[in-house]
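Accompanying notes for the structure given below.
The values are calculated or read from the model by the stated rules, or taken from the named source; none is laboratory data. Not measured: the values here are computed from a predicted model. Here the Cβ positions follow ideal geometry from the backbone for every residue, glycine too, while neighbour counts run over all protein chains shown. Heads up: the accessible areas ignore ligands, DNA and RNA and are worked out on the full protein's heavy atoms, side chains in. Shrake-Rupley method; radii C 1.70, N 1.55, O 1.52, S 1.80 Å.
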Amino acid sequence: MFTLSDKNVLEIINRLEENGFSAYAVGGCVRDLLIGREVNDYDVATSALPSQTKELFRDKKVIETGIKHGTVTVLYGGEPYEVTTYRTESAYSDSRHPDSVTFVDDIESDLARRDFTVNAMAYSPKRGSRDPFGGASDAVNKIIRAVGNAYERFDEDALRILRALRFASSLGFTIEPGTSKAIFDLKHKLKDISVERVYSELTKLVTGPYAAEVISAYRTVIEVFAPVCDCERLDLLPPVPAMRFAYLFGAGSAEVLRSLRSDNATASAAGLLANSRAIPADRIGIKRFAAEYGRESAVMIASYRRAAFGEDPGQEVESVAGSDECLSLKELAVKGRDLKKIGITGRRVGETLDILLSRVIDELIPNEKERLIRAAEEINS
Ligand code: ATP
Ligand code: MG
């Protein structure tokens, strides 16, 4: 079926097994191995308690990631591996954390608490595969299906609604009709989920290769958070959160992202992109554009608008931004002190520099010191 070839995870499982515990690779890594997708991170589930895992890996760095929930991270061969005790969980009444977790000694109960059948498989080189909910068959048929009753599972933790869309978007899977119906019926419950959890899943959802299709089918789910402006060409944009969010939420995207407590850089970049002006078609216009936004932002805006609206097909913005053309006061061949030497004072210094810069950008005068001084004298005469 597949081979688990990651040496570190094999050694972690082996060490647990040699010490009388059972252990499996579990969750997303098994799913990805099965469908031949690159594995993001390997998670291990084990019968060992967190304290026992810590003791067994005392020669490694072990981080107490979520010790109450049974998770420690073992740094093995320089890579982090989450090792979690088999557990079941109760409802998430605060919509952030399960109210309580109970450690159990069998993998099957652990798999039963997981969200989707394709995420509820386990594999051990010694014990073989465990797939109590038909995850392998769903993976082959590209189906996202809730483990057990979808209504109950979304009721326990509504974030799973967004996770279903996220996996559909990143894997190109279809959400099974029963699960899909529960998503539409319970989408309002997403309002109670902490915005940090929402933002993290939403980012993965919008940057997925199948985001356009998923969001157009489940638009009303996204609209629990904010009105969707457009999603048709979403897949054509680079998978950069700021670009995807700018396109999705339009002019108000910075406010939407701030309300979801995104990082500031993403929110401001999305706001800039969504409110950027069209890229001019002529060279001088493009120079003004690059001067207005600055070289770096102009290139980012160009990449966004090219993908979103088909502007600037010849990548003219990149060639202007990469050139040594004068586009800012810093690059202008005269400085304020040069103007003061010829008797220009006060406010007029800055105003004159601005006029000179715009004439240089417009190619009315060359960026040469003597020519600029002469022009400055004329302006102020
Ligand atoms: P990725 O490859 O993007 O990391 P993943 O499947 O590993 O995908 P994670 O969010 O890292 O997804 O979660 C790891 C595993 O934990 C999942 O495969 C699933 O079995 C389980 N899981 C995570 N979050 C939930 C949840 N909210 N409800 C139930 N099970 C969950
Ligand atoms: Mg993962």
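Brief remarks on what is shown
- Within region 14-50, being more than 16 Å from ligand 1 (Cβ to nearest atom) and over 17 Å from S109 (Cα atoms) holds for N14, R15, L16, E17, E18, N19, G20, P50.
- Residue that is nearest to V320 (Cα to Cα) [pool: residues in region 349-381 that are among the polar types (S, T, N, Q) and assigned to a loop (DSSP other than H, G, I, E, B)]: N367
- Residue check for A164: touching a residue at least 40 places away in the same chain (Cβ under 8 Å) and over 26 Å from S100 (Cβ atoms): no
- Residues of region 15-41 classified as of a type in the set (S, T, N, Q) and free of Cβ contacts under 8 Å to residues at least 60 places away in the same chain, total: 2
- Condition broken by R114, with the remaining ones in (1) more than 13 Å from ligand 2 (Cβ to nearest atom); (2) outside any strand (DSSP E or B) satisfied: (1)
- D59 being surrounded by fewer than 19 Cβ atoms within 10 Å (Cβ to Cβ) and modelled with pLDDT of 95 or more: yes
- Exclusive hit being at positive phi and not β-branched (V, I, T), set G172, G178, G208: G172
- You will find that of E11, E79, E17, the residue that is open to solvent by 50 Å² or more (accessible area, probe 1.4 Å), modelled with pLDDT of 95 or more and among the charged types (D, E, K, R) is E11 and no other.
- Checked against the criterion of being closer than 25 Å to A168 by Cα and aliphatic (A, V, I, L, M), region 98-117 has at least one qualifying residue.
- Top-ranked residue of region 153-178 - restricted to ones that are within 16 Å of ligand 2 (Cβ to nearest atom) and of a type in the set (S, T, N, Q), ranked as most open to solvent (accessible area, probe 1.4 Å): S170
- Here P80 fulfils each of the conditions (1) without any contact (Cβ under 8 Å) to a residue 12 or more places away in the chain; (2) assigned to a strand (DSSP E or B) apart from (1).
- Exclusive hit being modelled with pLDDT of 95 or more, open to solvent by 30 Å² or more (accessible area, probe 1.4 Å), small (G, A, S) and in the same structural domain as G28 (by TED's automatic domain parsing), set A120, A112, A136: A112
- Test result for F57, outside the structural domain of T179 (by TED's automatic domain parsing) and away from ligand 2 (no atom under 16 Å from the Cβ): yes
- Evaluation of K126 against (1) assigned to a loop (DSSP other than H, G, I, E, B); (2) within 12 Å of ligand 1 (Cβ to nearest atom); (3) in contact (Cβ under 8 Å) with a residue 40 or more places away in the chain; (4) not polar (S, T, N, Q) (one fails), failing number: (2)
- Count of region 303-340 residues which are part of a helix (DSSP H, G or I), polar (S, T, N, Q) and open to solvent by less than 50 Å² (accessible area, probe 1.4 Å): 1
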